[in-house]
Amino acid sequence: MARDDTPKTGFRDAILWHLTYTLGKDPDHAQILDWRLALSHAVRDRIVDRWVEATRATYRADAKRVYYLSMEFLIGRLLEDNIVNLQLADQAQAAMESFGLDYRGILLDEPDAALGNGGLGRLAACFMESLATLGCPAYGYGIRYEHGLFRQSFADGRQIEAPEHWLQQPYVWQFERAEASFTLGFGGRVVTRDGKLVWEPENLVQSEAYDIPVIGWRGDWANTLRLWAGRAVDPFDLERFNAGDFTAAAEAEALARTISRVLYPEDSTEKGKRLRLTQEYFFSAASIRDILRRFEADHADLRQLPQKVAIQLNDTHPAIAGPELVRLLHDERGLPFDEALAITQGCVNYTNHTLLPEALESWGEGLFADLLPRHLQIIDRIDDAHGRAHPDRRNTVRGDGRVRMGELSFIMSNRVNGVSALHTGLMKTTVFADQHRLHPDRIVNETNGVTPRRWLHSCNPRLSGLITETIGDGWIGDLEQLQGLEPHVADPGWLARFAAVKAANKADLCNWALREHHVTLNPDALFDVQIKRIHEYKRQHLNILETIALWQEMREIPSSDWTARVKIFAGKAAPGYFFAKDIIRLINDVAAVINADATTNEKLRVIYLPNYNVTLAERLIPAADLSEQISTAGKEASGTGNMKFALNGAPTIGTLDGANVEIRELVGAENFFLFGLTAEEAEARRTLPDHAARAVSADPRLTRAVEAIRSGAFSPDEPDRYAGIVENLTGADYFLVASDFGDYWRAQREVDFTYADRDTWARMAALNVARSGWFSSDRTIRGYMRDIWNAKSLLGQG
Ligand code: Z16
């Protein structure tokens, strides 16, 4: 083989070719990394052909393009995704094995790109995959953080954060686009020139584009995820260097790079930091310029923009994109203000992901005026225009010296959507009640979904195989076909095979846990899994309280026929969220005590796996028996982990919150362990004086569990370590842990009882799979295309 023999034919040859000519390695001395990169290059070549085709088809059709603006894309590993979607899995595995390599090991060698915190970022990644699968011409726009979400470890049970470095090794999936670079301004002032207001920014930075192709199922279409990195306009000051000040010579570059240096690790709180607003404007402005440039390349009339461009704001983080588009159209292209605004409103839509007041973005007007003085003026004009059109409204964008991004996003948008039916309803009656009265058609619901390629087919090959054997492989691209499993659930032979899949997945997890974490898990126990960000509203402390109470009862009545359980936790806490960090430490402390108790050891284990990420989710979900979705009703906007568990045959124990409501409706109430107050009841309960203290003293189990924590049973060296948690549980208890404890306990015992009959359990689990097809993100994206974007698929024309 020579350099000229470009690898057009055999896949195996292509890998060897890249190993030699792209990586410059002798196959005899290649390391795992080299083989992984060579495989990735061979895969990438096949993506590029389709990617170019799709881009051409979009130009040819002059199709409307969708732009998904998101601060976060939690993409995880891409090699397997790409291989699976190109249907190269068998060839890739055979090739790797022919080189004497472990295929799975190669896939796992890829770093997990964690450019997101949790649900919102992972949703964006699932949406990108579904957009490509559906052949919808689309671009994702985000930030190429040098450091994604921190790496988590534990020391004495406490969370330790370490920087993450996904770009340490060559990243094959990115293409640097030197040509797509923009100069962006910050700060400065607004001056009047020729009777017009013009922004004269003080600081300039450069945005550099990195493109990651996203290929859909069967490789029929590919879109682009474009991530922006900050660079200095003048990266190097030769004069200062020659004067001997080497640090100062590189200062501009260091400052500009700071913008895309690190992902903010807050998920459900908002810190209002200057660098965060800088990041938001940086990537929004670069994206808007890119969108306009692409449009103007072959359209002369800017009024056509809403016919060709749909912009989706993933939460308010990119909300400044709206005023920026108005500014470009009005200040820089010279359109009348009202026209610029109308065009912008025709393009922009906004997804709300939370009603938690502490998560709703607002900026102090001082900071805002300092960084984006012209945008503040434009925002006021937008607010005024809205006020003129709706004289009875209250002034909402500005107030108390702050700029409120939710209100801004709402009035800038053509459509505003919630992420589950319950959440969308609550948007209408709570945070956006006033706006909804003025714009009764603007709010729509698009319940979240997850991509079945990653979250069933790839992560659970055994179940995928059984499903395909049973109903063919059409379900992978059309998840509602899972309904075809339902008749088989009544067949004992089939159900036994289904149960065997779960057992084998659990055995894998046991082996991994022993190998990687030196813990022994009982594969016959019920694997009870709560994995998600740590937050009071998600109530990991409710779960650990029930664990403590269960342990105490097991010790008290050892003769009872207890269902064996493994309580599995994983999840990160925001570094500054001290209550959440206390919950982590409490779980670890409780785990140490319970796991050391020889009298209950066989029946109850608690394990907290460190560094939860996409890869760990892919490992845990297929092995789960029970899905913990226990947020205080009204607080979890949707949840998406809940869907992944149901799809992989783990019934839910959960509240009527977020998409749990829809999961329960679809899988059937008898296949869902419901407990807890409703959103409405929760609101009412909070107004009851001493609701928590009363709930604790009314429930002897809860009293005893709280007392154990309070007395230092889990922290003997520091008995008052959890005084804060205890005070919260017996005092304000805003998230109603105490109020829901009793019903949660009851539901858990129902789980025990049901699990004891393995056939009943398997039936329930199988029905969860068969009835979860609706939770495909393909269905969600079809909804966005129809109700929000008015975008068409180009599949079949590419
Ligand atoms: C996030 O992940 C979510 C909301 C939010 O305001 C910020 C972040 Cl980083 C989550 C919601 O909590 C979750 O319920 C929802 O499923 C997810 O966004 C996707 O919509």
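The values are calculated or read from the model by the stated rules, or taken from the named source; none is laboratory data. What you see is a predicted model; the values in this text were computed from it and never measured. Backbone-built Cβ (ideal geometry, glycine too); neighbour counts: all protein chains shown. These area figures cover heavy atoms from the full protein model, side chains too; ligands, DNA and RNA do not enter into them. Shrake-Rupley method; radii C 1.70, N 1.55, O 1.52, S 1.80 Å.
Find the percent of Cα-Cα distances in the range 525-758 that exceed 27 Å, and round it to a whole number.
Values: 7858 of 27261 pairs.
The share of Cα pairs beyond 27 Å in the range 525-758 comes to 29 percent.
As an exercise, find the ratio Rg/Rh for the chain from alpha-carbon atoms, using the Kirkwood inverse-distance average for Rh. List each step's numbers first, then the result.
Working: Rg = 27.0 Å, Rh = 27.9 Å.
Answer for the chain: 0.97.
A 26 angstrom limit on the alpha carbon distance is what I want to check against. Which of 581/635; 273/644; 502/581; 271/532; 502/635 exceed it?
Details: 581/635 20 Å; 273/644 34 Å; 502/581 32 Å; 271/532 21 Å; 502/635 31 Å.
The pairs that break the limit, which is 26 Å between Cα atoms, are 273/644; 502/581; 502/635.
Starting from the residue with the highest accessible area, list 236, 672, 246 in decreasing order, probe 1.4 Å.
Largest accessible area first, the list is 246, 236, 672.
Seen from all sides and averaged, what is the projected area of the convex hull of the Cα atoms in the range 517-609, in nm²?
Value for the range 517-609: 6.0 nm².
Karplus couplings for the range 31-36 from phi (6.51 cos²θ - 1.76 cosθ + 1.60, θ = phi - 60°), rounded to Hz, Gly and Pro as x?
9, 3, 4, 4, 5, 5
With a 1.4 Å probe and all protein chains left in place, how much accessible area per residue does the chain have, in Å²?
37
Are there trypsin sites (Lys or Arg not before Pro) in the range 302-384 that DSSP marks as loop and that have at most 13 other Cβ atoms within 10 Å, and which are they?
Passing both the DSSP loop test and the Cβ count: 333.
Kindly state, as a whole number, the per residue volume in cubic angstrom of the convex hull around the alpha carbon atoms of the range 609-681.
91
Report the Cα centroid-to-centroid distance between the range 173-217 and the range 776-798 in angstrom, as an integer.
29
Between the range 667-729 and the range 477-534, what is the separation of their alpha carbon centroids in Å?
Cα centroid to Cα centroid, the span is 30 Å.
Mind checking the full-extension length gain between residue 243 and residue 333? Use 0.36 nm per residue of separation minus the Cα-Cα distance, one decimal, nm.
Taking residue 243 through residue 333 to full extension adds about 28.1 nm, to one decimal.
Classify the range 456-599 as rounded, prolate or oblate, taking a ≥ b ≥ c as the square roots of the eigenvalues of its Cα gyration tensor: rounded when a/c is under 1.5, otherwise prolate if a/b is larger than b/c and oblate if not. Provide the component values of the computation, followed by the final result.
Values: a/c = 2.31, a/b = 1.61, b/c = 1.44.
Taking the square roots of the gyration eigenvalues as a ≥ b ≥ c, the range 456-599 is prolate.
Percent antiparallel among DSSP beta bridges with both residues in the chain, to the nearest 5?
Looking only at bridges with both residues in the chain, the antiparallel portion is about 45 percent.
Can you tell me the order of 355-365, 12-22, 443-453, 489-499 when each peptide is scored by its average per-residue count of other Cβ atoms within 10 angstrom, highest first? Let's see the in-between values first.
Numbers: 355-365: 17.1, 12-22: 19.8, 443-453: 24.4, 489-499: 15.1.
My ranking of the peptides, most packed first, is 443-453, 12-22, 355-365, 489-499.
What residues qualify as long-range amide H neighbours of residue 182, i.e. H under 5 Å apart, gap of 5 or more or another chain, H built at 1.01 Å from N?
207
Tell me, what is the 1.4 Å probe accessible area of residue 390, in Å² to the nearest 10?
40
Given the DSSP H assignment, sum -39500 (n - 2.57) over each helix run of at least 4 residues in the chain and divide by its residue total; what's the result at 222 nm in deg cm²/dmol, nearest 500?
-13500 deg cm²/dmol
Over the C-alpha atoms of the range 1-81, what are the Rg and the largest Cα-to-Cα span, Dmax, in Å?
16.7, 50
Between residue 269 and residue 480, what is 0.36 nm times their sequence separation minus the Cα-Cα distance? Round to one decimal in nm.
Value of the extension gain: 72.4 nm.
Tell me which residues come under 5 Å, amide H to amide H, from residue 113 once H is placed; ignore anything under 5 positions away on its chain.
Amide H neighbours of residue 113: 76, 77.
With a ≥ b ≥ c the root eigenvalues of the C-alpha gyration tensor of the range 245-331, is it rounded (a/c under 1.5), prolate (a/b larger than b/c) or oblate?
Oblate, because a/c is 1.5 or more while a/b does not exceed b/c.
Give me a comma-separated list of calculated 3J(HN,Hα) values for the range 751-761, in order, Karplus coefficients 6.51, -1.76, 1.60 applied at θ = phi - 60°, integers in Hz, x for any Gly or Pro.
Each residue of the range 751-761 in turn: 4, 3, 4, 5, 5, 4, 9, 5, 5, 4, 5 Hz.
Apply the Karplus curve 6.51 cos²θ - 1.76 cosθ + 1.60, θ = phi - 60°, to the phi angles in the range 97-111 and return the couplings in whole Hz, x for Gly and Pro.
5, 5, 8, x, 10, 8, 4, 4, x, 5, 4, 6, 6, 6, x
What fraction of the Cα pairs in the range 180-286, stated in percent, has a spacing above 23 angstrom? If you can, show how the numbers build up before the last one.
Details: 2712 of 5671 pairs.
That tail contains 48 percent of the Cα-Cα pairs.
Could you calculate the contour length gain from residue 153 to residue 690, that is, 0.36 nm times the residue separation minus the distance between their Cα atoms, to one decimal place in nm?
The span from residue 153 to residue 690 would gain 189.6 nm if fully extended.
Calculated FRET efficiency, residue 750 and residue 165, Cβ-Cβ r, R0 56 Å, to nearest 0.05?
Efficiency, from the Cβ-Cβ distance: 0.80.
Tell me, how many Å apart are the Cα centres for the range 254-295 and for the range 446-473?
35
What part of the accessible area of the chain, given as a whole %, is carbon or sulfur when the probe is 1.4 angstrom?
Roughly 50 percent, rounded to a whole number.
Show the residues, 5+ positions off or on another chain, whose built amide H is closer than 5 Å to the amide H of residue 652.
Amide H neighbours of residue 652: 627, 673.
What spacing in nm lies between the two simple spin-label points modelled at residue 720 and residue 23, each 7 Å away from Cα in the Cβ direction?
5.8
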